[in-house]
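Down below is the structure, laid out as structure tokens.
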């Protein structure tokens, strides 16, 4: 009995929805009123009516079309600088024994961070984190007894622009 009651409670809203849908719009009729004495530069009136299944006539409001009300100005070209801040990166020697040399060019004055990461991406050593002037930069760092032999990554971040290169330590 409980199953029958739950089935009827689900079926009743569906049936009532179908009954309400039967009163939906059946047809739409458009009529245009034109007068021969009105010059063509004046708009003619268009009336829209819709008839429901039960015979009621429902008028729809007249909607005026919008034609080119937006003034679109000429497009101006915007120059987007897509130049990289960091160029000409060189890390040597590779493999490394006790000293690492880095040379790179920076396009403008900005913050530079140079870190060494392990293969999992964890920071192992921070070599430099400071603001540098624009131009060619040359840095040398002593690594003797600071890193165990293996593979690492050197990450140079100039501004928000990262550069990553793999190195090996003997």
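How many residues are outside any strand (DSSP E or B) and within 19 Å of residue 144 (Cβ to Cβ) if we restrict to the range 106-133?
Filtering the range 106-133 down to residues outside any strand (DSSP E or B) leaves 107-109, 118-122, 133.
Those still in the list that are within 19 Å of residue 144 (Cβ to Cβ) too: 118.
The qualifying residues number 1.
Within the range 99-112, the set of residues being loosely packed, with under 15 Cβ neighbours inside 10 Å and under 25 Å from residue 85 (Cα atoms) comprises 101, 103, 108, 109, 111. Looking across the range 114-152, the residues that are under 16 Å from residue 86 (Cα atoms) and surrounded by 15 or more Cβ atoms within 10 Å (Cβ to Cβ) come down to 114, 115, 132, 137, 139.
Bear in mind that the values in this text are calculations on the coordinates, not laboratory data. Just so it is clear, the structure is predicted and the values come from calculations on it, not from any experiment. Glycine gets a Cβ as well: all are built from the backbone with ideal geometry, and neighbour counts include every protein chain shown.
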